[in-house]
Amino acid sequence: MRLIALIVGCLALISCQDNPFSSSSSIHETSYERTQPPQPAAGKIPPRGPVLSYADTVDRVAPAVVTVRAELRVKAPQQFPFGDDQLFRFFFGQPGPQQSRPQQEIEHALGSGVIVRTDGYILTNHHVVDGAEKISVDLGDRRTFKAKLVGSDPPSDLAVLRIEATNLPVLSLGDSDKVRVGDVCLAVGNPLGIGETVTAGIISAKGRTTDISNGSFEDFLQTDAPINKGNSGGALVDSSGELIGINSEIVSESGGNIGIGFAIPSNMAKNVMDQLITKGKVTRGQLGVTVQYINSDLAASLGMKEVRGVLVNGVTSGGPADHAGLKSGDVILDMNGTQINDVNALRNQVAAAQPGTTVTLTILRNGHQQQMPVKLGEFKPQTGAASNGPAEQQSPAGKLGLSLQPMTSGLASQLGLPPTTTGLAVAGVDPNGPAASAGIQAGDVIEQVNRQPVRSVDELRSALQKSGNRPALLLVNRKGQTIFVPVTTH
């Protein structure tokens, strides 16, 4: 009996030690720590769980997104091209009244829009209403209104409409500068005329240019939220329902959505909208320079220790930058304290400022930083001259792999350039030479080598010797536009 009692006692002791619900303090604490989820560190917000629905956001957004319909009268193709021919009338008689008068057809454009003010102001795309004689707007409550075009801005592809209505639902404009790549977004519009549709995706990229539209001022948000024809002018909103963009373009070989769509940022849209409403047009600041990106080869050619800023490759004579003392070859590092590493960002920052505004540029010149105030002019679109092809005379420049000819006024005329253009015209390019690898083309004009003007092959060779172990830095005039090109010759 004593043996049995001893065995039972041992079993009871073992059971207590293994039991997670034992009253033993140390065992209880160990079990508690093992079963509880990890706690966030002090001051840190625990991550939220996945959002299962955006229905509440859509309920707030959808009423402020409208369908825009535009009508444009166009001249129809002439069905009876011989109607005015006397011989034709002799054999076939006088054409009827409908045959003798030019016919007109009505083209219909379909897009979307966003109500931004309760008194009837609507944002949409310029290309949706471009040339329209009649514009109508369908609201989500099935009411239809005639719309008036308040103003349109082709460079940004934005337009403002107004309908005679009050107490309308609106979308508040968010801060598109705070949008981050990876943020969830919703696209709302009327694709292909099937009715209001909501699609979801993320912000895929920022600061995009596409060269599909006018291209003057592009700073697109890229998204994979499905966008199709008819979505143009519609809303791109964040997960809280704030407007962060106006849907504008897609890239697709088929014409349908492949997950690459673009929206005009809300901050740009607000600037354009406010100007169109207050004065019916948009004015933009202009610096009067052309600039290019800096890569590692260009940085090495300029003696820079790091790749940063944008390189000035041309200064408009008599323009704001010229008056301020900016020179070709300067590197713009920042504007009004904001770092500049992107050509498109600089252009849009300058454009957002009003003409007459003074901005402060920090530039790098010959290895030294300096600040330069510039009073901006007003942007006015310009067209460049076309090239008529390269000259035929040739002179060798073997180190670069080029055939060159000194510029003359007659040669400049052949190339579509001003008669005062100086430099060396590229008449031939060795496809296996270093210049070809750098992208130099026949018809280009080399104006400088290593910041030294060149007007003869001898001057070019002398300038090349100053490169040392660095790539040679060529200033090239191509169809009236100048660009710095680094060429490795060793």
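The values are calculated or read from the model by the stated rules, or taken from the named source; none is laboratory data. Model, not experiment: these values are computed from the prediction. With ideal geometry, Cβ positions are generated from the backbone for all residues, glycine too; neighbour counts draw on all protein chains shown.
Kindly indicate whether any position in the stretch 297-315 is closer than 20 Å to T283 by Cβ and not assigned by TED's automatic domain parsing to the domain that holds A438.
no
Considering only residues of the stretch 154-167 that are within 16 Å of E249 (Cα to Cα) and among the hydrophobic types (A, V, I, L, M, F, W, C), which is surrounded by the most Cβ atoms within 10 Å (Cβ to Cβ)?
A159
Report those helices (runs of 4 or more DSSP H) wholly inside the stretch 217-325 carrying at least 3 residues which are crowded, with 17+ Cβ neighbours inside 10 Å, among the aliphatic types (A, V, I, L, M) and under 17 Å from the mean Cα position of the chain (by Cα).
266-279
For the stretch 414-435, enumerate the residues that are within 14 Å of P486 (Cβ to Cβ) and small (G, A, S).
Listed by number, the list holds a single entry, A435.
Okay, residues lined up against (1) without any contact (Cβ under 8 Å) to a residue 24 or more places away in the chain; (2) charged (D, E, K, R); (3) surrounded by fewer than 21 Cβ atoms within 10 Å (Cβ to Cβ); (4) touching a helix residue (DSSP H, G or I) at 6+ places or on another chain (Cβ under 9 Å):
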{"position": "G439", "(1), (2), (3), (4)": "no, no, yes, no"}
{"position": "V449", "(1), (2), (3), (4)": "no, no, no, yes"}
{"position": "R455", "(1), (2), (3), (4)": "no, yes, yes, no"}
{"position": "R461", "(1), (2), (3), (4)": "no, yes, yes, no"}
{"position": "L475", "(1), (2), (3), (4)": "no, no, no, no"}
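Could you grab me the full set of residues in the stretch 341-367 that are at pLDDT 90 or above and farther than 22 Å from P155 by Cα?
T358, V359, T360, L361, T362, I363, L364, R365
The rows are residues; the columns are (1) at pLDDT 95 or above; (2) surrounded by 23 or more Cβ atoms within 10 Å (Cβ to Cβ); (3) assigned by TED's automatic domain parsing to the domain that holds S240.
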{"site": "G131", "(1), (2), (3)": "no, no, no"}
{"site": "S136", "(1), (2), (3)": "yes, no, no"}
{"site": "G140", "(1), (2), (3)": "no, no, no"}
{"site": "S152", "(1), (2), (3)": "no, yes, no"}
{"site": "V170", "(1), (2), (3)": "yes, no, no"}
{"site": "V184", "(1), (2), (3)": "yes, no, yes"}
{"site": "A187", "(1), (2), (3)": "yes, yes, yes"}
{"site": "G193", "(1), (2), (3)": "no, no, yes"}
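E242 - would you say it is within 17 Å of V128 (Cα to Cα), assigned by TED's automatic domain parsing to the domain that holds G182 and of a type in the set (D, E)?
Criteria not met by E242.
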